[in-house]
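Structure first, then comments.
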Protein chains: 2
Amino acid sequence: MQQGLARPAALAIDATRFWRTIERSAEIGVGRPGGLARVALSDADRQMRDEFCAWCRDAGLAVTVDAVGNLFARRAGREPGLPPVVLGSHLDTQINGGRYDGIVGVLAALEVVRTLNDRAIGTRRPLEIAVWTNEEGARFSPPMVGSAAFAGVHTVDWVHARRADDGATIGDELRRIGYLGEAPVGGRPLDSYFELHIEQGPELHARGVPVGVVTHGYTAHGFIVDVHGETAHTGPWPMDRRRNALVGAAMLAVAVNDIGWKHHATGGKGTAARIHAWPNKPGILSDYAQFTGDVRHDDPAVADAMRAEFMAALADCARRSQCEMAVFDEWHWGADIFDAAMVSLVRDTARALGVPTLDIASQAGHDAYHIAKVAPTAMIFTPCRDGITHNNREHAGLEETVPGINVLLHAALARADR
Amino acid sequence: MQQGLARPAALAIDATRFWRTIERSAEIGVGRPGGLARVALSDADRQMRDEFCAWCRDAGLAVTVDAVGNLFARRAGREPGLPPVVLGSHLDTQINGGRYDGIVGVLAALEVVRTLNDRAIGTRRPLEIAVWTNEEGARFSPPMVGSAAFAGVHTVDWVHARRADDGATIGDELRRIGYLGEAPVGGRPLDSYFELHIEQGPELHARGVPVGVVTHGYTAHGFIVDVHGETAHTGPWPMDRRRNALVGAAMLAVAVNDIGWKHHATGGKGTAARIHAWPNKPGILSDYAQFTGDVRHDDPAVADAMRAEFMAALADCARRSQCEMAVFDEWHWGADIFDAAMVSLVRDTARALGVPTLDIASQAGHDAYHIAKVAPTAMIFTPCRDGITHNNREHAGLEETVPGINVLLHAALARADR
């Protein structure tokens, strides 16, 4: 047995079996060529949940569903009273999503359990696979709503009331697809939470390193801004009397993009994600628009400066467009998210397995960000080709992915047996 | 009898009766306070059409409906074989529309006919009231589609296939509301076409002049631009690899607004009317956006220069956003639209009636622009308060409107009896 491993390094997952689950998942909610459009609580999401639950029951796991549709598949431990070690991610995708984002983490957790079953390896603490509802936010805002509710950030009623552009609410859709469970949301201790996820950036792939040890997150500030103007005719109405809310929102989109470019040399990002305007029609100026965007940087001080730049731009855009602008909602992720001991455990486990690693920051939001508020948490990144994600061309190779899953297996065992 | 009038100036409309029809119309498709939301081919549009047709039948008119839903209410002339003198406008409104835009023109025409009926005044040529389908374009693009089809600009099949954001087509909705008529669209001679319309600008109201003699139109260039980028994650994806179509469209919106301001001193306008992006969601960059906008100027050479400025801006925005941009559709209105003899007739009639007039340009598009392609055409503008339109605060006073209707009455009579 190698130093630092609770089990022999020869204990390894069945890569072929794991890949079959990835390929089966890729048949459910097919989107553009090679990709998926399996948005949260759609018929395709239901089908994927059904398939996953069947796999879990075949693996002898007890599946529970909580009141926001989060799934937990539990493998008993020798000491049932101890809090579980949880491994998870999400099965929903963006509308032009890939086959790997989130899915790899859930199916890696399933493969970990199947591997333990093969060898009849028990653990002191229970293991659980978690599938969080609506991580992507592609249909319902905000993203990561299931894990956030588990962590106590939102109430169940608030989550149920979130409404999609198509008019449906999360509560209605959970009921419709049969995943409005009875288990309470959160409020129970977890020993720890591991989330394996594709990097969604180019570093691991470019360097040929299979495992990213996620040390921290980029600091992010997100905004939803309401813009109020006035309708008028697009023809005769003079420029100096116009209060076109669409122009105000467009100015914000250009401004946040400019802020991203200003900090590009140090890896900063500024994103215009969404503009919704009303009436947004030929012939009439819009009197309402909503802008959604964010700024991110690895250095919290720079991220804060970018936020200040956005707020200054907002005042300037309001003046130039002659519209009223107000921040309707603002969100924030700090840098220090993960548990130092858990991060070290991932790094040390990889070293003991002889798996090369790279310490890396997470630039995207993840369910782990919320679960870290209620349990010691670590993330493991695996490579994705050229960093392409939220795109049907997203690709992760089996060989580059397997080392990370074996790190997950051994790290989870170490945590479960300690 | 005054010089230049075919009938005594004492022949005048019944202002009270006219205003009752305006007030009845304002009960159908009520929108924001004081305004209307009677978009084309909605249930409210059907109700208004039903009411209008009943009024016409009560006035002894023969109503026909053509295959794109245009209504024609005909009052026989002494020589039935002669082409009719047509008076018309539209009854649909913007989603935040007023009570007067278009409606005043149709109901003024009805009042002209009722006035002739009261006095048992016959005419040599037939008179027709025309109601054109979907002038506003608030539900279906393009605007003025009914009058354009009448003028041979679009085929019936093409018009029927126009689809609203709500998924319905013009053909389906015409059938649903019972206004898919059997009469051929256009292809018959009109003696002439008069359209009375609120000015939709501030000049008449500000100067206290009741009648605008519309000499010409602002030259306008409109564009629908397709923007193609690539989806990616809003977090990790580097700025220099981003091809965010929403940013590209926002840059176009800001650019067209800037062009409007550049020519503001000489009355130029640049409008960002609509941005539609996909997926337009938090967490993902949009790979498609469509921008709709236009530039307008009284001087055709300046309008052409503004168009060139927009095309240069398009190339610049494509470069800066790293997106592909292509003009999907472009429209254009020239300045010389109206018939010189018809315009003179309106001016001379007003003078003979002692009604002050102002020669004025039209800055908005009107059904008259299309009908002018197939018949000698003139427009009469009446005042609207502060020029506010496409807004529930649009207001036209009865006393300021009546002189224009009497000019319409006498000008139409002159034309019908010549």
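The values are calculated or read from the model by the stated rules, or taken from the named source; none is laboratory data. Here the structure is a predicted model, which is why all the values come from computation and not from measurement. Every residue, glycine as well, gets a Cβ built from its backbone with ideal geometry; the counts of neighbours run over all protein chains shown.
Annotations
- For residue B:325, the conditions (1) within 26 Å of residue A:287 (Cα to Cα); (2) in contact with a helix residue (DSSP H, G or I) (Cβ under 9 Å, 6 or more places away or on another chain) all hold with the exception of (1).
- Residues in segment B:62-86 that are among the aliphatic types (A, V, I, L, M), within 18 Å of residue B:182 (Cα to Cα) and in contact (Cβ under 8 Å) with a residue 60 or more places away in the chain: B:65, B:67, B:68, B:71.
- Only a single criterion out of (1) surrounded by 18 or more Cβ atoms within 10 Å (Cβ to Cβ); (2) farther than 19 Å from residue A:92 by Cα; (3) modelled with pLDDT of 95 or more; (4) within 19 Å of the chain's Cα centre (by Cα) is not satisfied by residue A:194, namely (2).
- Here residue A:341 does not fit the description of being within 26 Å of the chain's Cα centre (by Cα) and buried (at least 24 other Cβ atoms within 10 Å of the Cβ).
- Across segment A:267-281, the number of residues qualifying as surrounded by fewer than 24 Cβ atoms within 10 Å (Cβ to Cβ) and more than 7 Å from every other protein chain (Cβ to nearest Cβ) comes to 4.
- For segment B:30-45, a residue qualifies if it is farther than 16 Å from residue B:137 by Cα and either crowded, with 18+ Cβ neighbours inside 10 Å or touching a Leu at 6+ places or on another chain (Cβ under 6 Å) (or both), and the qualifying residues are B:31, B:35.
- For segment A:178-222, a tally of residues being under 23 Å from residue A:382 (Cβ atoms) and within 14 Å of another protein chain (Cβ to nearest Cβ) returns 16.
- Yes/no for residue B:386 being of a type outside the set (S, T, N, Q), at positive phi and either outside any strand (DSSP E or B) or buried (at least 23 other Cβ atoms within 10 Å of the Cβ) (or both): yes
Here's the yes/no breakdown for (1) in contact with a helix residue (DSSP H, G or I) (Cβ under 7 Å, 6 or more places away or on another chain); (2) not in a helix (DSSP H, G or I):
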residue	(1), (2)
B:212	yes, yes
B:215	yes, yes
B:227	yes, yes
B:230	no, yes
B:258	no, no
B:271	yes, yes
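- Of all residues in segment A:400-418 being more than 13 Å from residue A:211 (Cβ to Cβ) and modelled with pLDDT of 95 or more, the one that is surrounded by the fewest Cβ atoms within 10 Å (Cβ to Cβ): A:417
- Residue in segment A:109-117 that is within 14 Å of chain B (Cβ to nearest Cβ), touching a helix residue (DSSP H, G or I) at 6+ places or on another chain (Cβ under 6 Å) and within 26 Å of residue A:13 (Cα to Cα) present: no
- Within segment A:300-328, being under 21 Å from residue A:265 (Cα atoms) and free of Cβ contacts under 8 Å to residues at least 12 places away in the same chain holds for A:301, A:305, A:308.
- Checking residue A:254 against (1) surrounded by fewer than 19 Cβ atoms within 10 Å (Cβ to Cβ); (2) out of contact with any Pro (no Cβ under 7 Å at 6 or more places or on another chain), the condition it does not meet: (1)
- Residue within segment B:123-136 that is without any contact (Cβ under 8 Å) to a residue 40 or more places away in the chain and either more than 30 Å from residue B:291 (Cβ to Cβ) or not assigned by TED's automatic domain parsing to the domain that holds residue B:170 (or both) present: no
- Residue in segment B:13-28 that is closer than 18 Å to residue B:416 by Cβ and over 20 Å from the mean Cα position of the chain (by Cα) present: yes
- Flag if residue A:244 is buried (at least 24 other Cβ atoms within 10 Å of the Cβ), at the interface with another protein chain (Cβ under 8 Å from one of its Cβ atoms), touching a residue at least 24 places away in the same chain (Cβ under 8 Å) and not β-branched (Val, Ile, Thr): yes
- The lone criterion from (1) closer than 19 Å to residue B:94 by Cβ; (2) within 20 Å of the chain's Cα centre (by Cα); (3) surrounded by fewer than 16 Cβ atoms within 10 Å (Cβ to Cβ) left unmet by residue B:155 is number (1).
- In segment A:320-329 there is no residue that is surrounded by 14 or more Cβ atoms within 10 Å (Cβ to Cβ), more than 13 Å from chain B (Cβ to nearest Cβ) and part of a helix (DSSP H, G or I).
- Summed over segment A:169-199, residues that are free of Cβ contacts under 8 Å to residues at least 60 places away in the same chain and either part of a loop (DSSP other than H, G, I, E, B) or small (Gly, Ala, Ser) (or both) total 2.
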